[in-house]
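The values are calculated or read from the model by the stated rules, or taken from the named source; none is laboratory data. What you see is a predicted model; the values in this text were computed from it and never measured. All accessible areas refer to the heavy atoms of the entire protein, side chains included, with ligands and DNA or RNA removed. Shrake-Rupley method; radii C 1.70, N 1.55, O 1.52, S 1.80 Å.
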Amino acid sequence: DDVNYIKNGWINRNKILVNGSEHYVTLPLQNMSPFKKINEIYVTDNIFAKNKLLKTIKQNYRKAKYFEQIMPMIESTVCKQGNNLSNIVVNSINEVCSYLGITTKIVLSSFLDKKKETTAQETIISLVKSLGGDFYYNAIGGKSLYDKEAFLKKGISLSFIKTMPIYYKQFNNFFVPNLSIMDVLMFNSPLEISNMLKCYELE
């Protein structure tokens, strides 16, 4: 939460299913800037903007199997007042974890006693060290960013998580992969999603 906000990144936007195709949706922000930290940016209080986002989700998922269970969770996250982006993101993660029975503790980087580093790799190593960790798991896209040997020199084992292909029924459409967790929640039970989370291998 204490790194710079990335415009057009994945911090406040994602993809959902609209008319059988992927479609970007964005949580509206105020005074966003790539020169501000994530925890320095606030979600807009503009009710119209928030309602427009919620309307898009409702219109496209109202017939989904788990719509009645999931939509209130989305509404409570989007409609929170006076919250900065970091709090909104953490709240949404905790809500999903609670729904799925995941008890992993979420820790904010800004609360940790860590060194101020100059590179992303050094920052990650410092974070792991501050938590007393000796293993670090990163998404597969991080292969171009992080070097296993550099981590080993600091006493940390680095592995990359490669998610296996996952498929599930989305209405009667041709399956559209790699959408938001919202899409996964709308069409699958907690048990089904828990089984999906096991579909990975480490490299």
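Descriptive notes on the structure:
- Ligands, DNA and RNA left out, the accessible area of the range 10-109 computed with a 1.4 Å probe is 52% carbon and sulfur.
- In the range 50-129, the alpha-carbon atoms span a convex hull of 144 Å³ per residue.
- Rolling a 1.4 Å probe across the protein heavy atoms gives the chain an accessible surface of 62 Å² per residue.
- Prolate/oblate/rounded label for the range 1-109 (Cα gyration tensor, a/c 1.5): oblate
- Carbon/sulfur fraction of accessible area - the range 148-200, other protein chains in place, 1.4 Å, %: 60 percent
- Between helix 67-78 and the chain there is an angle of about 60 degrees, using the helix long axis and the longest principal axis of the Cα atoms.
- Translational diffusion coefficient (Stokes-Einstein; Kirkwood radius from C-alpha pairs) of the range 146-202 at 4 °C, 1.567 mPa s, in µm²/s: 94 µm²/s
- Proximity of backbone amide H atoms, modeled 1.01 Å from N, is registered between L29 and T44 at under 5 Å, excluding neighbours fewer than 5 places apart on the same chain.
- Overall shape of the range 60-203 was characterised from the C-alpha gyration tensor. The equivalent ellipsoid obtained from it has semi-axes of 32, 21, 13 Å, in decreasing order.
- Fluctuation leader among A49, A150, A64 - the chain, Gaussian network, Cα springs under 10 angstrom: A150
- Cα-based helix-to-principal-axis angle, 120-130 vs the chain, degrees rounded to 10: 80 degrees
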